Every structure is written in structure tokens, then in C-alpha cells.
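Each remark here refers to the structure printed beneath this line.
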Amino acid sequence: MTERPPKSADWHVDWDGHRESQIASVAEATPAQRLAWLEEAIRLAYLSGALPRDSED
């Protein structure tokens, strides 16, 4: 029988806890970190074809 890890106050195991953890993480991010995330998300969307490309490409 394997042992389960101990429950911890900072380890959220339900959907609401996870959502709250994500919101707190975003709230703690600096403007520079938020901008870097946005730039990377736009780059990923462009490379995956989710954004329209210019007709010259």
C-alpha cells in the first residue's frame, strides 16, 4: 500500500482552489511579466495558425 502525500494548505486539490490559486498568481505578476506572457501567447497563437496571416506570407 502506498502512502498518500500529506494535505497542505497551499496545495489545492479542487477546481475552486485551483482557480483561486491561478487568480492569485496573476494578481502577483508584475506588468512586465504580464506583457511577456501576452507576447508569448500571441506568438503561440500566430505560429499555430489561430491568427490570420498577412497575404504576403
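Some points to look at:
- Pair list, Cβ < 9 Å and 6+ apart or interchain, from the stretch 15-34 residues that are open to solvent by less than 70 Å² (accessible area, probe 1.4 Å) to residues that are aromatic (F, W, Y) and in a helix (DSSP H, G or I): A29/W37
- Hits in the stretch 44-57 (condition: open to solvent by less than 90 Å² (accessible area, probe 1.4 Å) and part of a helix (DSSP H, G or I)): A45, Y46, S48
- Scanning the stretch 11-43 for residues that are out of contact with any helix residue (DSSP H, G or I) (no Cβ under 8 Å at 6 or more places or on another chain), in a helix (DSSP H, G or I), of a type in the set (A, V, I, L, M) and modelled with pLDDT under 95 yields I23, A24, A27.
The values are calculated or read from the model by the stated rules, or taken from the named source; none is laboratory data. Note that this is a predicted model, so its numbers are computed, not measured. For neighbour counting, all protein chains shown are included, and Cβ atoms are generated from backbone atoms with ideal geometry for every residue, glycine included. Remember, those area values only see protein heavy atoms, side chains included, never the ligands or the DNA or RNA. Shrake-Rupley method; radii C 1.70, N 1.55, O 1.52, S 1.80 Å.
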